[in-house]
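Here is the structure we will look at.
The values are calculated or read from the model by the stated rules, or taken from the named source; none is laboratory data. Since this is a predicted model, take the numbers as computed values, not measurements. Quick reminder, even Gly has a Cβ in these numbers, built from the backbone with ideal geometry, and neighbours come from all protein chains shown. When the accessible area is computed, the model is the full protein with side chains, heavy atoms only, and any ligands, DNA or RNA have been set aside. Shrake-Rupley method; radii C 1.70, N 1.55, O 1.52, S 1.80 Å.
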Amino acid sequence: MLMKKPLIVSFVASLTLFLATCWIGQSSIPIAGWTGSILYFLLTWFLLNTYTPGQSSIRGITTAVVVGRLAVEIPLRIVNFSALIFSILVPVIVVSAILLAALCFREKTRITLLLSAIVLILMNLFSEQVFNDIFPQWHEYEQRAKDRQQTSLQPDKQKYSQSTTIVKPSTL
């Protein structure tokens with residue numbers, strides 16, 4: 001039971017962080033990538049620093065964090081993959097951040113930390129552009145989805161633009 005506690009805590013912490021930050025993807029995919037990569041890098045480093053010295057392995061905690069991050073997202077993507085394809089980069093970037101945090105923790109050198117930071121910065125800066133260049137149809141789908149969302153938030157002008165005539169009852 002002693003070996004399972006760090007894994008359960010890592011899974012629950014990762015799942016809680018995902019549920020606390022999943023709403024960010026509603027407003028901006030790049031901001032969700034930046035936020036997720038930074039927070040999950042720090043969470044993974046913290047959990048590894050807390051539990052690795054004799055309580056659990058680096059691989060076990062890293063796997064628990066990845067599974068906690070993807071536990072809700074995978075079923076959602078299975079149900080409606082085509083509608084969520086434009087945000088597929090966020091979990092890729094976040095899982096990369098988790099794996100890079102584990103690598104940095106294992107190596108514990110400044111050069112590893114520097115290279116990991118460079119990789120995450122480059123992924124966050126250029127991955128959306130590369131994805132849109134490779135799959136332009138998904139970028140168009142994202143634009144149509146945003147347009148539909150904005151038009152659904154606006155009141156129906158036709159409904160409110162009709163003038164109403166108030167008829168006063170005649171007196172007898």
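What the table below lists for this structure:
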| quantity | calculated |
| --- | --- |
| Residue match in the range 45-58 (condition: assigned to a helix (DSSP H, G or I), of a type outside the set (Phe, Trp, Tyr) and within 18 Å of ILE24 (Cα to Cα)) | no |
| Filter result for the condition that a residue is modelled with pLDDT of 65 or more, among the hydrophobic types (A, V, I, L, M, F, W, C) and out of contact with any Pro (no Cβ under 8 Å at 6 or more places or on another chain), over VAL130, VAL167 | VAL130 |
| Filter result for PHE135 (over 20 Å from VAL66 (Cα atoms), in contact with a Phe, Trp or Tyr (Cβ under 6 Å, 6 or more places away or on another chain) and either modelled with pLDDT under 80 or of a type in the set (Ser, Thr, Tyr) (or both)) | no |
| Any hit, the range 125-140, residues being under 14 Å from the mean Cα position of the chain (by Cα) and open to solvent by 30 Å² or more (accessible area, probe 1.4 Å) | yes |
| Matching residues in the range 1-45 - criterion: being surrounded by fewer than 14 Cβ atoms within 10 Å (Cβ to Cβ) and either of a type in the set (Phe, Trp, Tyr) or more than 23 Å from SER127 (Cα to Cα) (or both) | MET1, LEU2, MET3, LYS4, LYS5, ILE8, VAL12, THR16, LEU19, ALA20, TRP23 |
| Sole residue being in a helix (DSSP H, G or I), β-branched (Val, Ile, Thr), open to solvent by 30 Å² or more (accessible area, probe 1.4 Å) and modelled with pLDDT of 95 or more, chosen from VAL67, VAL94 | VAL67 |
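Residues are listed down the side, and each one gets a yes or a no for (1) more than 16 Å from the chain's Cα centre (by Cα); (2) modelled with pLDDT under 90; (3) buried (at least 20 other Cβ atoms within 10 Å of the Cβ); (4) farther than 15 Å from SER14 by Cα:
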residue	(1), (2), (3), (4)
GLN55	yes, yes, no, yes
GLY60	yes, no, no, no
VAL72	no, no, no, no
ARG77	no, yes, no, yes
PHE81	no, yes, no, yes
SER87	no, yes, no, yes
LEU99	no, no, no, no
ALA102	yes, no, yes, no
LEU115	yes, no, no, yes
